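Coordinate-derived values only; no laboratory data. Fair warning: this is a prediction, and the values are worked out from it, not measured in the lab. Neighbour counts run over all protein chains shown; Cβ positions are idealised from the backbone, glycine included.
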Amino acid sequence: MSLVGRDAELAALDTAVDRFVSGTGGAVLITGEPGIGKTALLSALGRRARAARCRVLDGRATEFERDDPYSVFRELVATNPSVDRLSVPDAVRSRLSGLAPVVLALDDLQWADAASVDLLGYLLRHPPRGAVLIAGALRSAGCPPRLAVALASCRCTELRPAPLTRVETARLLTGADPDRLDALHADTGGTPSISRFSVGRARRWCGRRSPPVTRRRPWGGWSGPGRTRPG
Ligand SMILES: Nc1ncnc2c1ncn2[C@@H]1O[C@H](COP(=O)(O)OP(=O)(O)O)[C@@H](O)[C@H]1O
Ligand SMILES: [Mg+2]
């Protein structure tokens, strides 16, 4: 899938991969609103790293595992034989060095459990030796305070994908009625995921009398002609 309007972000990811493949390591943080494309950029980073013959380890926090220690690092902790001998942070750090070149791609960190936040902070303050790139994505408003402190003290490339412009929305909505683009763009605020949803509605309403109205409701749901939920 090609990402619309993300040339600068993808170029920054290319630079980060080039730098870390040469052994520098580093950290990348992707922040933004839900649906803006954080996971898509993290996946793009993974694809670039794999193309450069690097290993990619994925981790993800979820809303439902906020009390499970190390839930973000589950695989790395569970499959690490040295965890019993060393403390978890030291074991994970040396395991990452042993796997280099490796990208650790951690998504939805706004929901990370406290132990994962502390481990991530430790890895940022004491970067593993060798080509280890630590990448994280999280909502702009949701950074756990201890992670914010760790991020402030390390060198980190931060990407903040912006809402798509009208022109970019038009590229995303190929096939949508041009007369309706302004309304759709205003309606979606340039968020790529919602724009995709809107084009679906636009197509559904094509040929009918009612326009493809899609309005945000205060509770986050949707209303449109004759429908209360996206189909
Ligand atoms: N720049 C983009 N161009 C095209 N599609 C995009 C773009 N950014 C995100 N998307 C799509 O929008 C949807 C939501 O993106 P996602 O990365 O999951 O958002 P987030 O992780 O910020 O909530 C996905 O289907 C994704 O493929
Ligand atoms: Mg996401």
Residue 155 versus residue 167: modelled label distance in nm, points set 7 Å from Cα along the beta carbon direction: 3.4
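Out of the trypsin sites (Lys or Arg not before Pro) in segment 107-168, which ones are loop residues according to DSSP with at most 14 other C-beta atoms within 10 Å? Walk me through the intermediate numbers first.
Details: sites: 125, 129, 139, 146, 155, 166; in loops: 129, 155.
Answer in residue order: 129, 155.
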Label zone at residue 62, where the point sits 7 Å out along the Cα-to-Cβ direction: segment 73-113 residues whose backbone N lies under 12 Å: none
Just to verify a number: FRET efficiency for residue 55 and residue 141, C-beta to C-beta distance, R0 = 22 Å, to 0.05? 0.10
On a C-alpha basis, how far is the centre of segment 68-138 from the centre of segment 1-60 in Å? Whole number, if you could? 18
